[in-house]
Each structure stands twice: as C-alpha cells, then as structure tokens.
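The values are calculated or read from the model by the stated rules, or taken from the named source; none is laboratory data. The shown structure was predicted, so the numbers you read here are calculated from the model rather than taken from an experiment. Quick reminder, even Gly has a Cβ in these numbers, built from the backbone with ideal geometry, and neighbours come from all protein chains shown.
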Ligand SMILES: [Zn+2]
C-alpha cells in the first residue's frame, strides 16, 4: 500500500490583528525527507506511518506549521493548497491520504480553510480513496470537513499529547478501507456551545473530561463504533460552526453514527452551565493576590494567550501590579522585540528606561514605562518541562539535517 501524508497546522484567531502572510508559510513549509523524518518520529504522522502494514510506502506531502496568530492571507492559503495538489499529482498513484490538521484556519474571505483543502484533495483523487485527518482538540469542525474526509479523528486530551493515537487509528481504518473490511460512516453534531478556552482542560473534575469519558464508555459498549471525538472548539476563531462538536464514526452504520453524535451532544448541552466562566477584574485579582497570605499566586492574562494567537505583549496585569505597588511579583514574559533591542544595545549591568508591551494592537493594554538594570541577555534556548515538550514535539517539526 502506498499512502501520502502531510500536515496543515494553523491556528487563526479571528480577533488578532497580526495576519499570517505567505512568506511565513513559505518559510515554514517542510517537504520530502523532512516530512518522512516526522513520520519516523512521534506525533500524528509517526503514529500513522508506524502503524501501517509492513512493506507500505509512505509518500510525503507538504507539512506546514506557520504558527499561531490572526487570519491567514488569502494568497498564503491558495499557495499552500496548490503545493498540496502539485505534490499529490507528482506522487502518482496513491492508495490513501493522511493529514494532520488543526481545524481553525481562516482567511479574510474563507472561513473554513481545512474544509477547502480537503475539498481540493478529494477532487484530485478517486471518490473511494481514503482521506483521513487527525484534528487538534480545539478544532471547529464543519460539515464540509466531515463530507470531504473519509474520517476525522480528534485528540482526546487537553493539553494534547495523544496525537500518535489519532495516527494509529487512522492507519488501522485506512488499512481496513483498502482491504474492504471497514467502511467508515461519519456523523457530526453540535450543542451550540463555544466555551472559553480556560474551561476546556481535560482533567478530572472538568466538564470536558466528563464528556470525553462518556464518549469512551459509549464506544466501549458497541464494536461498530470506530471513534467518538468530542472536540472543544476554538472560540476565538470565528466560523459558523465555532464551538464544541461531536464527530462519530461507525463501521457501515450512518444511522448509529447520527444517533450517538446526538446522544453525546445532548449530554454536553445538559452540562452547559459547568462551562460557564466567572471573570474577575484585573484590579480585583491583583488586590486579592496582594492580600492573600499563601503563595505563590499565579495570575494568567488569558485574553492574551500566545497559544491562542494573540501577540503576547499584554500589559494589563503589569500595569496593575505597579499601580497597586505589589512587592515580590514576577512577570512571566512580555513579547517586545523593540524593548529587547534597547536592552541589548545598553548591555548587561546597564540601566535602561523604556516602555514595554502593548505595542502590537489596542486590545492588550498600553506600553508601560519601566526603568531597571539589564540582568542578562539570553539566546532564548531553554529546557521545557516534559509535558510541554511532548505537546510541542507534535507541532514543531524537526529540521532535516
Ligand atoms: Zn489545541
């Protein structure tokens, strides 16, 4: 069996002002041996390639991860789609396609880039050629994606570390489709809920974990169910279908798939109040942190999560810490290349007066004036915790040597 594999991983925050331009796609795109190297590693591609029957041939499609920011420029998406099509055509006869997708990519004109890519690939292969896609847990799944893919498989962890499992299942189903022992039938349902990202952790006691557990138990009761993927959605990426979705795939049982998707959707809807988020004003949060005897207290500015595509230069908490004269406070990081340049120009041990943060857009506070001493200049290379490394190993492609 001869199968093509690749990836299109883009998180588009519709509210972020920094667009992801063509040049970033061109710089980030991996091809050929670099993609094959990923297939020999972990992650979705590795899980897929290493679960194929012995003797299978893997053909590399592009793999692109240009990062997390705002919308994609139209020409960047069009160029990427064309790269996929050209590579697929040059690959000659293939038996199946496996893609790793994020599920939130949007341009100014096109709100469902993954649906568009799947449609283009579907048109380029025979109707019965398997196209299976792995999805990030934050995917906003659309009917177009469901219709064009033979099967969509979401991760079931958040933070996500089970990408390899999605690939493994994809390989099993694709092999079954090709020897005609399996025929996936997929259904999709949505409970009309788009919860905030901070309510979507999958850990004991969190509402999404309850839904995942329910899905697992339901699947365990019926061998005809190949997969139930409850997806969290990405509420800052706007498309009509933004929010939680339930994707169910059965073997040859479209009615059962619909029934189970409805059942899990209903269970999610009944839990909707558990997803409610109580917001606290920054002034209140800082005052409470200062007043508390226990510590440390961590304040997260979730409106400026770089992991959700915002600039990461929010100053709301810093400004409030200064205003309330907080002592012993530490700021995680504020992205500000101009301030970094000023500090580097001054040199270690020197005093500087500059403004930091709040420079990219108008949503995350104003630049804050600070004075201080440059303590260190760092190359930015650091050792992450194991959990973070696992998370990023799926997304950051290894460079070919
Ligand atoms: Zn995610």
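What do you reckon, is residue 175 at pLDDT 95 or above, more than 16 Å from the ligand (Cβ to nearest atom) and assigned to a strand (DSSP E or B)?
Working: at pLDDT 95 or above: yes; more than 16 Å from the ligand (Cβ to nearest atom): yes; assigned to a strand (DSSP E or B): no.
When the stated conditions are applied, residue 175 does not pass them.
Here is a list of conditions, (1) within 16 Å of the ligand (Cβ to nearest atom); (2) part of a strand (DSSP E or B); (3) under 19 Å from residue 239 (Cα atoms), and residue 188 meets all of them except one; can you say which number that is?
Of (1) within 16 Å of the ligand (Cβ to nearest atom); (2) part of a strand (DSSP E or B); (3) under 19 Å from residue 239 (Cα atoms), only one is false for residue 188: (1).
Filter region 85-115 for residues that are in contact with a strand residue (DSSP E or B) (Cβ under 6 Å, 6 or more places away or on another chain), assigned to a helix (DSSP H, G or I) and under 28 Å from residue 232 (Cα atoms) and give the result.
114
So if I check each of 112, 165, which one is within 16 Å of the ligand (Cβ to nearest atom) and either surrounded by fewer than 23 Cβ atoms within 10 Å (Cβ to Cβ) or at pLDDT 95 or above (or both)?
On the way: 112 fails: within 16 Å of the ligand (Cβ to nearest atom).
None of the other options fit; the residue is 165.
Here is a list of conditions, (1) on the phi > 0 side of the Ramachandran plot; (2) within 15 Å of the ligand (Cβ to nearest atom), and residue 205 meets all of them except one; can you say which number that is?
For residue 205, the failing item is (2).
Inside region 4-49, counting only helices (runs of 4 or more DSSP H) that do not spill past its ends, which hold 2 or more residues that are within 16 Å of the ligand (Cβ to nearest atom) and closer than 22 Å to residue 173 by Cβ?
Numbers: elements: 22-28, 32-39, 43-49.
So the answer is 43-49.
If you go through region 126-139, how many residues are assigned to a strand (DSSP E or B) and surrounded by fewer than 22 Cβ atoms within 10 Å (Cβ to Cβ)? Quick ask: steps written out before the conclusion?
In the first step, residues of region 126-139 are kept if they are assigned to a strand (DSSP E or B); the result is 131-135.
In the following step, the residues that additionally are surrounded by fewer than 22 Cβ atoms within 10 Å (Cβ to Cβ) were identified as 131.
Of the residues in that region, 1 qualify.
Given the condition part of a loop (DSSP other than H, G, I, E, B), under 30 Å from residue 30 (Cα atoms) and modelled with pLDDT under 90, answer yes or no: does some residue in region 355-375 qualify? Steps first, answer last, please.
To start, the set of residues in region 355-375 that are part of a loop (DSSP other than H, G, I, E, B) comprises 357-367, 374-375.
Retained after the next criterion (residues that are under 30 Å from residue 30 (Cα atoms)): 360.
When the remaining residues are screened for being modelled with pLDDT under 90, the result is none.
No, region 355-375 contains no residue that is part of a loop (DSSP other than H, G, I, E, B), under 30 Å from residue 30 (Cα atoms) and modelled with pLDDT under 90.
Of (1) surrounded by fewer than 24 Cβ atoms within 10 Å (Cβ to Cβ); (2) at pLDDT 95 or above; (3) farther than 22 Å from residue 172 by Cβ, residue 69 satisfies all except one. Which?
Residue 69 satisfies every listed condition except (2).
Please specify each residue of region 140-160 satisfying the condition of being touching a helix residue (DSSP H, G or I) at 6+ places or on another chain (Cβ under 8 Å), assigned to a loop (DSSP other than H, G, I, E, B) and within 11 Å of the ligand (Cβ to nearest atom).
155, 158, 159, 160
Going by what's in this entry, would residue 121 be described as more than 16 Å from the ligand (Cβ to nearest atom) and in contact with a strand residue (DSSP E or B) (Cβ under 7 Å, 6 or more places away or on another chain)?
On the way: more than 16 Å from the ligand (Cβ to nearest atom): yes; in contact with a strand residue (DSSP E or B) (Cβ under 7 Å, 6 or more places away or on another chain): yes.
Against the criterion (more than 16 Å from the ligand (Cβ to nearest atom) and in contact with a strand residue (DSSP E or B) (Cβ under 7 Å, 6 or more places away or on another chain)), residue 121 qualifies.
Considering each residue of region 206-244, count those that are over 23 Å from the mean Cα position of the chain (by Cα) and either surrounded by fewer than 16 Cβ atoms within 10 Å (Cβ to Cβ) or at pLDDT below 95 (or both), and give that number.
Adding up the residues that qualify gives 6.
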